[in-house]
1. Looking only at region 29-57, which residues are over 16 Å from the mean Cα position of the chain (by Cα), surrounded by 24 or more Cβ atoms within 10 Å (Cβ to Cβ) and not hydroxyl-bearing (Ser, Thr, Tyr)?
2. Being surrounded by fewer than 16 Cβ atoms within 10 Å (Cβ to Cβ), within 16 Å of ligand 2 (Cβ to nearest atom) and either in contact (Cβ under 8 Å) with a residue 24 or more places away in the chain or assigned to a helix (DSSP H, G or I) (or both) is the filter here, so list the residues in region 148-176 that pass it.
3. Is it the case that Glu273 is in contact (Cβ under 8 Å) with a residue 60 or more places away in the chain, among the acidic types (Asp, Glu), open to solvent by 30 Å² or more (accessible area, probe 1.4 Å) and assigned to a helix (DSSP H, G or I)?
4. Going by the structure shown, is Ala52 assigned to a helix (DSSP H, G or I), of a type in the set (Gly, Ala, Ser) and farther than 16 Å from Ala126 by Cβ?
5. Inspect region 64-73 for any residue being within 10 Å of ligand 1 (Cβ to nearest atom) and surrounded by 24 or more Cβ atoms within 10 Å (Cβ to Cβ) and give the result as yes or no.
6. Does Asp9 meet the test of being free of Cβ contacts under 8 Å to residues at least 60 places away in the same chain and more than 16 Å from ligand 2 (Cβ to nearest atom)?
7. Within region 62-84, work out how many residues are under 24 Å from Ala12 (Cβ atoms) and not in a strand (DSSP E or B).
8. If you scan region 126-147, which residues turn out to be buried (at least 18 other Cβ atoms within 10 Å of the Cβ), in a loop (DSSP other than H, G, I, E, B) and within 15 Å of ligand 2 (Cβ to nearest atom)?
Amino acid sequence: MKTERLGHDKGAIEYAAGLLAEGELVAFPTETVYGLGADATQDNAVAKVFDAKGRPSFNPLIVHVSDFEMAQKIGVFSNDARALVDRVWPGPLSVVVPLRDDAELSPLVTAGQASVAIRMPAGTIARELIRALDRPIAAPSANPSGKVSPTTAAHVLDGLDGRIAAVIDGGACPAGLESTIIGFLEDTPRLLREGAYVPDFELERATSPSKNPLAPGQLASHYAPDGNVRLNAEDAREDEFHVGFGTIDGDTTLSREGDLVEAAARLYAVLHEANARHVKNIAIAPIPDTGLGLAINDRLRRAAAPRS
Ligand code: TXA
Ligand code: MG
């Protein structure tokens, strides 16, 4: 893939929004760092984010919105959360709030959780891009996993050239540091990540691991489906719901073509389907432990871990 380097005039932004609408990835500047954007409503597009970054696990992603109305269609804002974003947005603050039941988001964005991180960036290019797409954009920092966050388009290309459709060059990011993340899931707000917004009020830090949703995937049996899960199952027993991959058909399949991006995109939908069918036992075909398969297997091992 050739990564296009775009300007940030109106035409370029509309072109970039068109790429996003087609499910492609576009890196764009925000006031904090460059984000690696995907249409947050498309499973396949969001799966590509993990593939491009080489992320070994499905961390939840921050959803970027252009206005509060868009935010309200995704998350449930308490009075406190609303008051804070009214003061700070647009700006370098992400809030974690309960996910709305009717939110039109790919479950990969929230890693299947019932909470969502939302932010309205101050950078005008970012908001123009979201407005042009007319849908929220899921975006982690636009660097390969484990590498430093990019603050120029050149940094983005250093790490992701050839792995994404385009980058919008909007110059250097003024803050150069990621957004502050504050959780509004309990009675009192909690600081989940320090960042470019410095809170001007007292705030508890997330310390206890059980209450720290920053690393939700670290809990061994997190987001397990209702049924028991058996991995590397080439065949299924009669009492098992078989999830296939590639040449293994199964009762349903993560990807008949053996495509890891498609498998990642379908992962949560398949686990939800198993719940909806009230199956007691789920057998999942082997998934290769390469590329995006690493994140898929990480997630599946957690789903299969003994329940506490
Ligand atoms: O400034 C920023 O926040 C940049 C720009 C692009 O907006 N984005 C960014 O995304 O730093 P990323 O993926 O590098 O970091 C996202 C952080 C992760 O630590 C993730 O665990 C946390 O946000 N996060 C996302 N959704 C969450 C949720 N529902 N609950 C708790 N933490 C969440
Ligand atoms: Mg990052």
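The values are calculated or read from the model by the stated rules, or taken from the named source; none is laboratory data. This is a predicted model, so every value here is computed, not measured. Glycine also receives a Cβ, built like all others from the backbone with ideal geometry; neighbour counts cover every protein chain displayed. Ligands, DNA and RNA are excluded from the accessible area calculation, which covers all protein heavy atoms including side chains. Shrake-Rupley method; radii C 1.70, N 1.55, O 1.52, S 1.80 Å.
1. Those that are over 16 Å from the mean Cα position of the chain (by Cα), surrounded by 24 or more Cβ atoms within 10 Å (Cβ to Cβ) and not hydroxyl-bearing (Ser, Thr, Tyr): Pro29, Val33.
2. Let us first name the residues in region 148-176 that are surrounded by fewer than 16 Cβ atoms within 10 Å (Cβ to Cβ), namely 148, 154, 158, 161-162, 171-172, 174, 176.
The next check asks that each one be within 16 Å of ligand 2 (Cβ to nearest atom); those that pass are 148, 158, 176.
Matches in region 148-176: Asp158, Gly176.
3. Values: in contact (Cβ under 8 Å) with a residue 60 or more places away in the chain: no; among the acidic types (Asp, Glu): yes; open to solvent by 30 Å² or more (accessible area, probe 1.4 Å): yes; assigned to a helix (DSSP H, G or I): yes.
When the stated conditions are applied, Glu273 does not pass them.
4. So Ala52 passes the test.
5. There is at least one residue in region 64-73 that is within 10 Å of ligand 1 (Cβ to nearest atom) and surrounded by 24 or more Cβ atoms within 10 Å (Cβ to Cβ).
6. Values: free of Cβ contacts under 8 Å to residues at least 60 places away in the same chain: yes; more than 16 Å from ligand 2 (Cβ to nearest atom): yes.
When the stated conditions are applied, Asp9 passes them.
7. Result for region 62-84: 4.
8. Ala139, Pro140, Ala142, Asn143
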